[in-house]
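One structure is given below, encoded as structure tokens.
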Amino acid sequence: MKAAVIDEHGGPGSIRIDNNFPDPEPGPADVIVRVGATTLNYHDIFTRKGMPGIKVPMPCIMGLDFSGEIVDGGSDIADWKIGQRVMIDPVDRVGPGGLIGEMWHGGLAEYCKVPSHHLVALPDNVTYEQAACLPVAYGTALRMMYTIGEVQKDDKVLILGASGGVGTCAVQLAKRVGCEVIACASNQNKLDRLAAIGADHLINYVEEDFMKAVWTKFGKPHRRRWEDGVDVVVNFTGGDTWVPSLRVLHRGGKVLTCGATAGYDPTEDLRFIWSYELKVLGANGWLREDLTTLIELLDDGSLKPIIDTTLPLEEVNEAFRLLEDRVVFGKVVVKP
């Protein structure tokens, strides 16, 4: 089969296309999925580069988020049928742990062997491309915004990194419950597209300081008042955005975080946390019921995955570049 493979960790351009990678063979509890679509996440970039403390078996086929059609199954498969459309939950919840697309071969190939407990059934009106957007980015956003963050109607929600996969989903989830959304992005094209999916206020963080922009629009918070500033900041970038995120929250406000794409060890200022009684809430991944909820939201039309670009498997290095250079709005899809 054709597959995008790494034989060792490396930088941009280090993924090779192997047109004769061995076809997967199912074990008793496995199915073989013909991949319909795969989307990229920053985790795939980290896997390609290598992460401290995580030993990835080589060769590795990345691709955590993918969907497709079952074309074969092992002897113990009873609840799934040949031809059934499925999405893959990459987290191993009943076995030794780890992720498909990291510890086991993932979706950047024509076929993938998948233990059946990773399968999620797809309704006919959800496309492979839409389904492949869901687990990592949208599952994380749902858990962060609803389960952990408990965003409420009329909350003022500032979303940093709003133009990516998690960000575009967070905008939609916030608007769905009636929040007032302030979205940050790096250029006017991304801001225009954020407005089109519901963002109420737009900040180009390259041209203006987002902290001062929030103060101008919503007032500078004061530790003895509750009315100025915003209710919630969604910050999964970290780095030098961290302390400014604290400084735009009114007393009792919340920071929601699920990652640190710009740096995991930012300068901290604890004075704002105690003097403004701030809540710093972390969200880690998703549960199976979150994926079921997302499919229901797609099915009823209340959530729409945002896809920027679709590329063939042969252009996988370009797909990674688009994500790594932060030039995409939403998700990048790779199709075999």
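The values are calculated or read from the model by the stated rules, or taken from the named source; none is laboratory data. Keep in mind the model is a prediction, meaning the values are calculated, not measured. Heads up, the Cβs are rebuilt from the backbone with ideal geometry, glycines too, and the neighbour counts pull from every protein chain shown. For accessibility, only protein heavy atoms count, side chains too; no ligands or nucleic acids. Shrake-Rupley method; radii C 1.70, N 1.55, O 1.52, S 1.80 Å.
From the list 94, 157, 151, 71, which residue is more than 20 Å from residue 332 (Cβ to Cβ), touching a helix residue (DSSP H, G or I) at 6+ places or on another chain (Cβ under 6 Å) and surrounded by fewer than 18 Cβ atoms within 10 Å (Cβ to Cβ)?
94
Might you check whether a residue that is open to solvent by 30 Å² or more (accessible area, probe 1.4 Å), touching a residue at least 12 places away in the same chain (Cβ under 8 Å) and within 14 Å of residue 157 (Cα to Cα) occurs anywhere in the stretch 187-197?
no
Only one residue in 24, 57, 90 is within 15 Å of residue 3 (Cβ to Cβ) and in contact with a strand residue (DSSP E or B) (Cβ under 7 Å, 6 or more places away or on another chain), so which one is that?
Numbers: 57 fails: in contact with a strand residue (DSSP E or B) (Cβ under 7 Å, 6 or more places away or on another chain); 90 fails: within 15 Å of residue 3 (Cβ to Cβ).
After applying the criteria, what remains is 24.
Consider residue 115 carefully, then state whether it is at pLDDT 95 or above and either open to solvent by 10 Å² or more (accessible area, probe 1.4 Å) or farther than 17 Å from residue 316 by Cα (or both). First the steps, then the outcome.
Working: at pLDDT 95 or above: yes; either open to solvent by 10 Å² or more (accessible area, probe 1.4 Å) or farther than 17 Å from residue 316 by Cα (or both): yes.
Considered against the rule, which asks whether it is at pLDDT 95 or above and either open to solvent by 10 Å² or more (accessible area, probe 1.4 Å) or farther than 17 Å from residue 316 by Cα (or both), residue 115 comes out as yes.
Quick one: which of 213, 183 is out of contact with any helix residue (DSSP H, G or I) (no Cβ under 6 Å at 6 or more places or on another chain), surrounded by 19 or more Cβ atoms within 10 Å (Cβ to Cβ) and not in a loop (DSSP other than H, G, I, E, B)? Before the answer, list the steps.
On the way: 183 fails: out of contact with any helix residue (DSSP H, G or I) (no Cβ under 6 Å at 6 or more places or on another chain).
Only one candidate passes the filter, namely 213.
Which condition number in (1) modelled with pLDDT of 95 or more; (2) open to solvent by 10 Å² or more (accessible area, probe 1.4 Å) is the one that residue 173 fails?
Single failed check for residue 173: (2).
Considering only residues of the stretch 1-55 that are assigned to a helix (DSSP H, G or I) and open to solvent by 40 Å² or more (accessible area, probe 1.4 Å), which is farthest from residue 114 (Cα to Cα)?
The residue in question is 49.
If a residue counts only when it is touching a residue at least 60 places away in the same chain (Cβ under 8 Å) and buried (at least 17 other Cβ atoms within 10 Å of the Cβ), which helices (runs of 4 or more DSSP H) contained entirely in the stretch 228-336 have at least 3 such residues?
288-299, 316-324
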